[in-house]
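To start, the structure under review is shown below, and the notes come after it.
The values are calculated or read from the model by the stated rules, or taken from the named source; none is laboratory data. The structure presented is a predicted model; accordingly, all values stated were derived computationally and were not measured. Cβ sites come from the backbone with ideal geometry, for glycine too, and all protein chains shown count toward neighbours.
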Amino acid sequence: MTQVQSSPRQVDVVVVGAGFAGMYGVHRLREAGLSVQGFEAGDSVGGTWYWNRYPGARVDSQSYIYQYWFSDELLKEWDWSERFPAQPETERYLNHVADKFSIRDAIQFNTRVEAAIWDDSAKRWTVSNDRGETLSAQFLLMSTGGLSAPNTPPFKHHEKFKGQIIHTGRWPKEGVDFAGKKVGVIGTGATGIQVIQTIAPLVGQMTVFQRTANYTIPMRNPQYDDAARAELKARSKAMEHRVHRTFAGFDYDWQSTDLMAMTPEAREAQLDEWFADGSLSFWIGSIQGVLLDEGINAVFSDFVKRKIRARIHDPKVADLLVPDDHGFGTRRVPLETKYYEAYNQPNVKLVSVKATPIVEFTERGIRTTEGEHECDIVIFATGFDAGTGALTRVDIRGKDGVSLKDAWAEGIRTTMGLQVHGYPNMFMTMAPFSPAAAFCNVPTCLQQQIDWISDCVKYLRASGLKVIEPSLEIENKWIAHHDEVSAMTLIPKTNSWYMGSNIEGKKRRLLAYPGGVNTYRAACEDLKAKHYEGFEMA
Ligand code: NAP
């Protein structure tokens, strides 16, 4: 039912999205005395952890840093069961937080925001949703997630397929029965890997359609007992301080080890030691050269290739699963558990869609150039239109009615991923050109961004100001800095969602700021200390 409203309801801020950032945004802004209306397309909180309920979904950050820091009581009372919890546990945690801090009261669920139009005479946003409601808000907080707009490649004739097609980012709540089924999985990124390793023992047959093989690290996931939890909780304040001061927002950071000066044996032993931690520290807590120096990168690449190959029985299958077209860590490195062993099962087949591309869907499955592969269910683990997708799928219009989608089609622009010139009073989290967009333990960056945004809003109010917008100059300066730092890394050499190259027609550009969470945070703090110098305020 749509409603017709004559004069839109006025609120101080509209928050779009009820994931980690949106929930925290509601909490902080309400605490600052603002009237807040949240909107969420799902029927509950959780964001990523609401939508991605596919089998095997699990976090790759340690639970003790993948959480909120704002409440000592919450830190004390919540018990994580293991180092890398599965989706239901993180979803339960976010629901617990929502209940404890009455966050749901501010959020209208099952409601998708469709448009946000800046009214320059009123200096307010007019926000409308798919229920036909319109609101007027002084501030707009887009916490729509960086990996939330599913990418569903337009495979020819997919509508002919008589079976079920499911995108991992829209997994049905009631679950899926795989027993005896022929299952196709398209995609072998972090998501595909988790799905494949989890359902391989359950399915009748599985065909994996792989385009690019990824480097991986075997996950070490110990269960926590009371003693382990007590030890972690005792360190939580120190950990909170630490995560904001490391390169990637984790509690580990780059080390000064001179790997290249070591003997081959000592180097291998060092790599083995880092690898054995079973976490992303092998990648973003080892040595920075891995992302900057071709020679160092080649050493890591060779090491991981050997680790992968050793686990696969059939050398021809190993040839496909060992990455051959990019360097280690230049795309997101997934953690895995018995992923390669799945391919040693007789009922699991690997199809390289690089060698034999998908031609079309048929009634019975998928036809590649080598023939038809029968499927009852096809899982799209095909990722997301990252960074920009969730923002450009809303019709956002700034000054002079300029659409953000159109503006970004020319080239993405943001000031530190927080605001965009021409879009006053609009704040974003996990948006392009901040580390949050990819190179961060996401909750670290989201909380830092929300804290910065709520401090900024509090400053405006205390100063009797109503509007804030980055100047063109400060935006250009940040973009030039972002591009300069990006070019120093090896990441732009590789195609992935990091570069936007997973989406047809999207201009290739490193989405996330690779200068470090620590550096970024210092720049944000500096801006705040200088009372948002370079921003236009009125
Ligand atoms: P992704 O990394 O973008 O992977 C998508 C996969 O689909 C890739 O293998 C891609 O191949 C393939 N693909 C896309 N279009 C295709 C096409 N037309 N034909 C054939 N294959 C196609 O997406 P994701 O796996 O969902 O992961 C996205 C991000 O979410 C991760 O990088 C990570 O940051 C986050 N995530 C985190 C966790 C965790 O913490 N445990 C788990 C899951 C996801 P190409 O590689 O050749 O493009």
Which one of GLY56, GLY42, GLY38 is of a type in the set (Gly, Ala, Ser), surrounded by 23 or more Cβ atoms within 10 Å (Cβ to Cβ) and either outside the structural domain of ASP105 (by TED's automatic domain parsing) or touching a helix residue (DSSP H, G or I) at 6+ places or on another chain (Cβ under 9 Å) (or both)? GLY38
Taking the condition among the basic types (Lys, Arg), within 12 Å of the ligand (Cβ to nearest atom) and more than 30 Å from PHE39 (Cα to Cα), does LYS349 pass? no
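Please find, within segment 121-153, the residue that is nearest to CYS445 (Cα to Cα) out of those that are more than 16 Å from the ligand (Cβ to nearest atom) and small (Gly, Ala, Ser). Write out each step before concluding.
Start the filter on segment 121-153 by keeping residues that are more than 16 Å from the ligand (Cβ to nearest atom), which leaves 121-143.
Pick out the ones that are also small (Gly, Ala, Ser) and you get 121-122, 128, 132, 136-137, 143.
Working: SER121: 34, ALA122: 32, SER128: 28, GLY132: 33, SER136: 28, ALA137: 25, SER143: 12 Å.
This residue is SER143.
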When (1) in a loop (DSSP other than H, G, I, E, B); (2) surrounded by fewer than 18 Cβ atoms within 10 Å (Cβ to Cβ); (3) touching a residue at least 24 places away in the same chain (Cβ under 8 Å) are applied to PRO154, the one that fails is (3)
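Kindly indicate whether PHE155 is under 27 Å from the mean Cα position of the chain (by Cα) and aromatic (Phe, Trp, Tyr). Working first, answer last.
Working: under 27 Å from the mean Cα position of the chain (by Cα): yes; aromatic (Phe, Trp, Tyr): yes.
Yes.
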Which residues, counting only those in segment 285-296, are out of contact with any helix residue (DSSP H, G or I) (no Cβ under 8 Å at 6 or more places or on another chain) and assigned to a helix (DSSP H, G or I)? GLU294
Pair list, Cβ < 9 Å and 6+ apart or interchain, from segment 346-369 residues that are of a type in the set (Gly, Ala, Ser) to residues that are within 12 Å of the ligand (Cβ to nearest atom) and assigned to a loop (DSSP other than H, G, I, E, B): SER352/ARG211; SER352/ALA213
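Do you know which residues across segment 172-206 are away from the ligand (no atom under 12 Å from the Cβ) and either buried (at least 18 other Cβ atoms within 10 Å of the Cβ) or closer than 20 Å to THR362 by Cβ (or both)? Explain how you work it out, then say what you get.
Narrowing segment 172-206 to residues away from the ligand (no atom under 12 Å from the Cβ): 172-183, 199-206.
Hits for segment 172-206 are PHE178, LYS181, LYS182, VAL183, ILE199, ALA200, VAL203, GLY204, GLN205, MET206.
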Inside segment 15-93, counting only helices (runs of 4 or more DSSP H) that do not spill past its ends, which hold 3 or more residues that are of a type in the set (Phe, Trp, Tyr)? 48-51
By residue number, the members of segment 207-236 that are within 16 Å of the ligand (Cβ to nearest atom) and not in a loop (DSSP other than H, G, I, E, B) are THR207, VAL208, PHE209, GLN210, ILE217, PRO218
Could you check segment 371-382 and list, in sequence order, the residues that are crowded, with 24+ Cβ neighbours inside 10 Å and either away from the ligand (no atom under 13 Å from the Cβ) or assigned to a loop (DSSP other than H, G, I, E, B) (or both)? CYS375
Taking segment 391-429 as the search range and keeping residues that are in contact with a Gly (Cβ under 9 Å, 6 or more places away or on another chain) and charged (D, E, K, R), which one is modelled with the lowest pLDDT? ASP400
